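After the structure tokens below, expect a handful of questions from me.
The values are calculated or read from the model by the stated rules, or taken from the named source; none is laboratory data. All figures in this text were calculated on a predicted structure; none of them were measured in a lab. Counting neighbours? That spans all protein chains shown, and the Cβs are built from the backbone with ideal geometry, glycine included. Ligands, DNA and RNA are excluded from the accessible area calculation, which covers all protein heavy atoms including side chains. Shrake-Rupley method; radii C 1.70, N 1.55, O 1.52, S 1.80 Å.
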Amino acid sequence: MRPSALFAILFAFALTVPAGAAPTTTVAEPFDGTLDQATWRLGTLDAIEPAGGSPGAYLHNPQFDSAVPTPFYVGPLPSPFFGDYRAASVTSLCLDVIVYAASIGVDNRRPVSLVLTSDMGTPDDPSDDCDVYTVGNKKVPSPGAAWRSFDFRVPSGNTTLPSGWTVRGACAGLSANGAWNAVVTNVTRVSFPFSDPDTFWYFQIWNLGIHNVRIGFATAR
């Protein structure tokens, strides 16, 4: 990614917003620089491919040994992907995925999920950390299939745990609604596991890529 622009603004004050819908701004990681400039990663064998994405350059890992591939943010702070989602009016998180091969195969029941994590204000103490996650309704693409986009709505304005979201972790002993509010107002980690987080899978070798990891914000009219 270009050092002068950590993120690409894909859409700002969208010109083709449906009637009645709020315009949005989207910030994305396009993987258009060198690997050390990439803000999202998979593993140690990651590489930037200059073409073949959806479209353009993308992050490729040709030999990723994992039960559950999990793209995660590794870039600099502050970041649009972290912080107070409610204050920032976050509306969505998305990414594009391709699978070239998997040594065991890709079960057609395997989804992609979105996990938001908070360190609960104690970054040096993981014992009170809290996750909220939602399981997507699309499945990981089979080897040989085209790029697939996974779009997750994030109702950051909700003050109660939204339908379809689950709380996991100690969460400092908070109720489900309290945990949701604590996480959504202090997100310190974002990841996209290729699984329901509560489902077990066997390790295998993956050849896969990710592209256009993006976050959407509501824009006031």
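Taking the residues in the range 190-221 that are of a type in the set (D, E, K, R) and surrounded by fewer than 16 Cβ atoms within 10 Å (Cβ to Cβ) as candidates, determine which candidate is modelled with the highest pLDDT.
The extreme case among them is 198.
Quick one: which of 210, 205 is in a strand (DSSP E or B) and more than 19 Å from the chain's Cα centre (by Cα)?
205 is the lone residue from the list that is in a strand (DSSP E or B) and more than 19 Å from the chain's Cα centre (by Cα).
For the range 176-221, name all the residues that are hydroxyl-bearing (Ser, Thr, Tyr) and either farther than 16 Å from residue 81 by Cβ or free of Cβ contacts under 8 Å to residues at least 12 places away in the same chain (or both).
Hits for the range 176-221 are 195, 199, 202, 219.
Please verify whether residue 91 is assigned to a loop (DSSP other than H, G, I, E, B) and at negative phi, treating the condition exactly as stated.
no
Which pairs turn up if I take residues in the range 30-53 that are part of a strand (DSSP E or B) and look for partners that are of a type in the set (Asp, Glu) and open to solvent by less than 50 Å² (accessible area, probe 1.4 Å) with beta carbon separation below 6 Å, at least 6 apart in sequence or on another chain?
Cβ pairs passing all conditions: 40/29.
Also, quick follow-up: How many of the residues making up the range 61-88 are open to solvent by less than 30 Å² (accessible area, probe 1.4 Å) and not in a strand (DSSP E or B)?
Matching residues across the range 61-88 total 7.
Scan the range 15-24 residue by residue and report those that are modelled with pLDDT of 60 or more and open to solvent by 30 Å² or more (accessible area, probe 1.4 Å).
22, 24
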